[in-house]
Amino acid sequence: MDYMNAPGRNHLFVPGPVNIPEQVLRAMNRNNEDYRSPAIPAMTKVLLEDVKQIFKTTSGTTFLFPTTGTGAWESALTNTLSPGDRIVSFLIGQFSLLWIDQQQRLNFNVDVVESEWGQGANLEVLASKLAEDSAHTIKAICIVHNETATGVTNNLAAVRKILDDYRHPALLLVDGVSSICALDFRMDEWGIDVALTGSQKALSLPTGLGIVCASPKALEAAKTAKSVRVFFDWKDYLKFYNLGTYWPYTPSIQLLYGLRAALDLIFEEGLDNVIARHSRLATATRHAVEAWGLKNCTQKEEWYSDTVTAVVVPPYIDSAEIVRRGWKRYNLSLGLGLNKVAGKVFRIGHLGNLNELQLLGCLAGVEMILKDVGYPVKLGSGVAAASAYLQNNMPLIPSRI
Ligand SMILES: Cc1ncc(COP(=O)(O)O)c(C=O)c1O
């Protein structure tokens, strides 16, 4: 039998979709409603304002698309660019690869800057491309803030600085799918023109909302961008915003209530505390990996991701077997290695509504699996390293101070 229900909760440690908190589950457990009643527009208006906080923007305009991260990508591209436009895009792992594939299929002229998987975006190449582009043929820079396949976080402030150094007007389009609401993200300060995320990641909602935020410069670009767009057209949304009805088509009512509950939880904890919690859990995970004598796929500390750790296994172990065993034997879901790193890494997702003891449970599970597959791990070594770090770095729970 391939599937049998297991007792207890599944330990969900893939880097999205992540665990949904009880408060959010309860908020979504409701009947459908007439979205043309006054209630849904009133709720949407506040959500569109409140969600700006997770982007750290006051000047941006937000859109809540019934879609996934992939749809949010398409929205960012088609609203701001025209077919044939030159884009510089960084290939550093599976998700940046998929975004580049979408850019090419939408007929943009993509200048791909490739790095070894495990490294961050090559910003020296960006600088040289901008230096050579006095005619401003480059219309946009596309970058995945956090590459979920390899656990690499790119430095967006550095990208903005390079654009500014060359006084280059290219738009800065950022995939924040596995970063926003978990990592430090400053849309206004870093001059990001379009930022986007998906509900199933750090927001800890079900999949199905693509949240897009556009700067005034991006909205201006949308007025002349010629890419064909229908479902994701910002113009339709803006029209309904002005009418006060907010929706050009049927929204997912339950996800809107879920988003309300998710934002309330994040605001109650404090966004900066949420970000600090992610940093704490990620550091603890890295201590465990070190204690196991294994390597982080991320090659330099400056790129370490605080939402996902990709762990490299020795060549005699198939990392997919670790993931298979985790699920079958321990009811633990870990992330597979994807594409170039398939079989070589497994991923521990530590993002969303998650706490220290949950993480330690996952790390204990990983140790047992490692032993099962013949890796000479000392049971308890990673848990000891992680818990020692956590115990020394625990803040008081904000709401209980
Ligand atoms: C960084 C990143 N971008 C984009 C996507 C695609 O999002 P979705 O699967 O919601 O379409 C993912 C999915 O994991 C991701 O991790």
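Listed by first and then second residue, the pairs with beta-carbon distance under 8 Å, at least 6 apart or on different chains, first residue in region 186-211 and touching a residue at least 60 places away in the same chain (Cβ under 8 Å), second within 14 Å of the ligand (Cβ to nearest atom) and charged (D, E, K, R), are LEU196/ASP175.
Restricting attention to region 105-130, the residues that are closer than 26 Å to LYS226 by Cα, more than 16 Å from the ligand (Cβ to nearest atom) and part of a helix (DSSP H, G or I) total 3. Residues in region 68-89 that are within 16 Å of the chain's Cα centre (by Cα) and either of a type in the set (Phe, Trp, Tyr) or more than 30 Å from CYS297 (Cα to Cα) (or both): TRP73 only. Among (1) touching a residue at least 12 places away in the same chain (Cβ under 8 Å); (2) out of contact with any helix residue (DSSP H, G or I) (no Cβ under 9 Å at 6 or more places or on another chain), there is one condition LEU396 misses while meeting the rest; what is its number? Going through the list (1) touching a residue at least 12 places away in the same chain (Cβ under 8 Å); (2) out of contact with any helix residue (DSSP H, G or I) (no Cβ under 9 Å at 6 or more places or on another chain), LEU396 breaks only (1).
Regarding ASP50, is this residue in the same structural domain as ALA262 (by the TED database) and either polar (S, T, N, Q) or closer than 28 Å to LEU173 by Cα (or both)? Criteria met by ASP50. Out of the residues in region 227-255 meeting the condition of being more than 18 Å from THR61 (Cβ to Cβ) and surrounded by 15 or more Cβ atoms within 10 Å (Cβ to Cβ), tell me which one is farthest from the chain's Cα centre (by Cα). Looking at the filtered set, the residue picked out is SER227. The lone criterion from (1) under 17 Å from ILE141 (Cβ atoms); (2) surrounded by fewer than 22 Cβ atoms within 10 Å (Cβ to Cβ); (3) within 13 Å of the ligand (Cβ to nearest atom) left unmet by THR68 is number (1).
Restricting region 71-95 to residues that are crowded, with 24+ Cβ neighbours inside 10 Å and near the ligand (Cβ under 8 Å from one of its atoms) leaves a set whose member that is nearest to TYR257 (Cα to Cα) is ALA72. Within region 215-230, at least one residue is over 20 Å from ILE87 (Cβ atoms) and either without any contact (Cβ under 8 Å) to a residue 12 or more places away in the chain or among the small types (Gly, Ala, Ser) (or both).
Remark: ALA27 falls outside the filter, which requires a residue to be more than 27 Å from the chain's Cα centre (by Cα) and either exposed (fewer than 12 other Cβ atoms within 10 Å of the Cβ) or of a type outside the set (Phe, Trp, Tyr) (or both). Residues in region 81-99 include at least one that is out of contact with any strand residue (DSSP E or B) (no Cβ under 9 Å at 6 or more places or on another chain), closer than 28 Å to ILE322 by Cα and assigned to a helix (DSSP H, G or I).
The values are calculated or read from the model by the stated rules, or taken from the named source; none is laboratory data. Keep in mind that this is a model prediction, so the values were computed, not measured. Glycine gets a Cβ as well: all are built from the backbone with ideal geometry, and neighbour counts include every protein chain shown.
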